[in-house]
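Okay, structure first, notes after.
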Amino acid sequence: MESNTFLDFEKPIAELEGKIKELRHLTDDSDDNIASEVTRLEAKVDTALHQVYDKLTPWQKMQVARHPDRPHFLDYVSGLIDEFTPLHGDRAFGDDKALIGGLGRFRGTPVMVIGHEKGTGTAGRVEHNFGMAHPEGYRKAVRLMELAARFNVPILTFVDTPGAHPGVEAEERGQSEAIARSIECCLKVKVPFVVSIVGEGGSGGAMAIAAGNKVLMLEHSVYSVISPEGCASILWRDAARARDAAEALKLTAQDLLGYKVIDRIVEEPLGGAHRDPEIAMSSLGDAIAETLKDLNDLTPQQLAAQRRDKFLDMGRPGVQ
Amino acid sequence: MNWLTNFVRPKIRALVSKRDIPDNLWTKCRACTQMIFHRDLEENLHVCPNCDHHLRIGPDQRFAQLFDNGEHSLSELPEVLSDPLKFRDSKRYVDRLKDSRNRTGENDAVVVAHGTMGGHNVVLAVQNFAFMGGSMGLAAGEALITAARLAVMQEAALVVFSAAGGARMQEGILSLMQMPRSTIAVEMVREAGLPYIVVLTDPTTGGVTASYGMLGDISIAEPGALIGFAGPRVIEDTIREQLPEGFQRAEYLLDHGILDMVVKRSEMRETLIRLFGFLMSDGKPAIAPPAPTPTSTTDVAQIAPPDETDAPSPGQD
């Protein structure tokens, strides 16, 4: 699939695809010469994609993870979940559109799905607050996780957020408390809990729904304690050093697998998930299905114990 | 059990401590700029006698102010991976660590001690803002887990005095993982039926607030303490307007229903002892903890190898 939005490092790809478009525009498909030229150019696009995507730098991955065309939570829901039935509200303040959840069926099995939605297009992004949740979002997540646990329904979360919303109202309604309770709830529930980091795993706002039994991560997603921009402005006092911060923070899926913070990397189609969302979705779906199958063997108590031990062991000398 | 035998008498500590010869006999209050003589400051628990501003203090002072007769024993904390990311900004992380160690005489930001308060067994974990902004990395997480285990073992209350800018960026994702890890520490104390009390001190923000900082059975703050998730500068940058007066201060949070109480330093010890009295009896939990479940047995002991934890236990389906 061609993409309409190109990242700065995708310039050679953009040029080739521009040429292909032009050629197609100029003639009908009957012209053999042009058709073979198009095929030749398409092969070149593939090569160029390989050259770029086989060795993305951390900063480039950051950009891919934030790509406007990258599939978002609601795309994964429509691709992977049947009979999705959204459940709204925290029963205290409101309904947060940055953190969405509901019941549905994943390959036949009832599941509770919860995820950050960044929104698409300007209006969509504003409506979903760019995927930055308020306290009522995390409180809804807690309500839904507890509901799932009562009925022995596995929990699937999808992480894609720049972070929790930093704002006056969020603070006044107890943003920290809401996140803390959500992490506590993740750790407690006695049902299988699979986390997929599909875009940006931004700090505490991501962590709030990411303390699961297994954490899967798309190949070009990122997961970090702070955004590279935030880190650069604090440590270098210059947000323009974000590129250096991205390197230093070790936020790529490949790095995180090494630290055992995530359990599995899910391969993306060539050129990133946004170039072929269908393939990205089916790969992630397969990985989730396999992970759920493994967790099926554990009793409810063992599920909670496995989660606890996994996090306790994390980063301990000798465990790494 | 090293932490039990590693007894450090506060009096002996005081003899060798640097605090005997202050570099500066006068301290300027950050709030009212009044100069305060060091002896007056010490007597007044490091609270400005003029404006009641609560100055930031470290673990030694907390222990001395809170434990019965100031007597306590320090817990030996486990070694952690140092510099797992080989992090370097304008300075190497290992050098920043070294500087902080030299300056504070502590190994990392959280110090744990146990003793009694009003006769009740208490474990205190105190976060030191002077050590790299109190930031929470592997060492702080491990300190909190150790403190929780110690509290469970001694049937003690766990009290955490928080003070931190947040997670320690230089440890990257592993510092973020201290949010769930410290939450597990809190859970261990909860499951044992023991009180977990948080005292939020100036400043407590970021991942620290959004994990163990906000999970106390009872949440207390010192007057005027800055407490929040996002720092005020980040919020100002986002909304591009001035923040309301007193925003994110302890009293503001109390008004918004986020804290149980704001307690002056001079009343902290008696308040905590009163709470222990309500929640504990004779150093025992007031309510007997639930019968141990397979999950809670792994809490108290060292982590069992996966095979053991996976083994089916009685009472499960």
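Take each residue of peptide B:110-117, count the partner chain Cβ atoms within 10 Å of its Cβ, and average: the result is 0.
The packing ranking of peptides B:72-81, B:97-106, highest mean first, is B:72-81, B:97-106, where packing means the average number of other beta carbon atoms within 10 angstrom of each residue.
Between A:164, A:92, A:149, the Gaussian network model of chain A with springs among Cα atoms under 10 angstrom shows the greatest mean-square fluctuation at A:92. With Cα atoms defining each centre, segment B:30-96 and segment A:276-320 are spaced 40 Å apart in the structure. The simple Förster model, with R0 at 22 Å and r as the Cβ-Cβ distance, assigns residue B:240 and residue A:169 a FRET efficiency of 0.90.
When you count the other C-beta atoms within 10 angstrom of each residue and take the mean per peptide, A:66-73, A:39-46, B:169-176 line up highest first as B:169-176, A:66-73, A:39-46. For residue A:19, the lysines whose Cα comes closer than 24 Å to its Cα, not counting residues fewer than 8 places off in the same chain, are A:11, A:44.
Springs between alpha-carbon pairs under 10 angstrom, Gaussian network model over chain A: which of A:302, A:60, A:175 fluctuates most? For chain A, modelled as a Gaussian network with Cα springs under 10 Å, the answer is A:302. Computed over protein heavy atoms with a 1.4 Å probe, the accessible surface of segment A:1-148 works out to 50 Å² per residue.
Under 10 Å, Cα contacts only: if you run a Gaussian network model on chain A, which one of A:76, A:138, A:223 comes out with the highest mean-square fluctuation? Of the options given, A:76 has the highest mean-square fluctuation. In this structure, the residue pairs whose Cα-Cα separation is over 31 Å, taken from A:188/B:264; A:61/A:310; A:250/A:310, are A:188/B:264. Measuring from centroid to centroid over Cα atoms, what is the spacing of segment A:79-96 and segment A:15-62 in Å? Answer, in whole Å: 40.
Checking Cβ-Cβ separations below 4.7 Å across the protein assembly as shown identifies A:185, A:186, A:231 as cysteines lacking any candidate disulfide partner. Pairs from the list A:55/B:98; A:190/A:260; A:190/B:86 with a Cα-Cα gap above 28 Å: A:55/B:98; A:190/B:86. Let me have the 222 nm mean residue ellipticity of chain A computed from DSSP H runs of 4+ only, each contributing -39500 (n - 2.57), with the sum over all residues rounded to the nearest 500. The helix-only estimate for chain A comes to -15000 deg cm²/dmol at 222 nm.
Taken as Cα centroids, segment A:119-177 and segment B:156-224 sit 21 Å apart, rounded to the nearest whole angstrom.
On segment B:56-287, 47 percent of the accessible area sits on carbon and sulfur atoms, based on a 1.4 Å probe. For segment B:125-174, the relative contact order is 56 percent, taking Cα pairs closer than 8 Å that sit 6 or more residues apart in sequence and dividing their mean separation by the residue count.
Peptide B:214-221 has a mean shielding of 2, counted as Cβ atoms of other protein chains within 10 Å of each residue's Cβ. Other protein chain C-beta atoms within 10 Å of residue C-beta, averaged over B:163-169: 3. Each of the peptides A:190-203, B:265-278 was scored by the mean count of other Cβ atoms within 10 Å over its residues; in descending order, highest first, they stand as A:190-203, B:265-278.
The values are calculated or read from the model by the stated rules, or taken from the named source; none is laboratory data. The structure displayed is predicted, hence computed values, not measured ones. Methodologically, a virtual Cβ is constructed for each residue, glycine included, from the backbone with ideal geometry; neighbour enumeration extends over all protein chains shown. All accessible areas refer to the heavy atoms of the entire protein, side chains included, with ligands and DNA or RNA removed. Shrake-Rupley method; radii C 1.70, N 1.55, O 1.52, S 1.80 Å.
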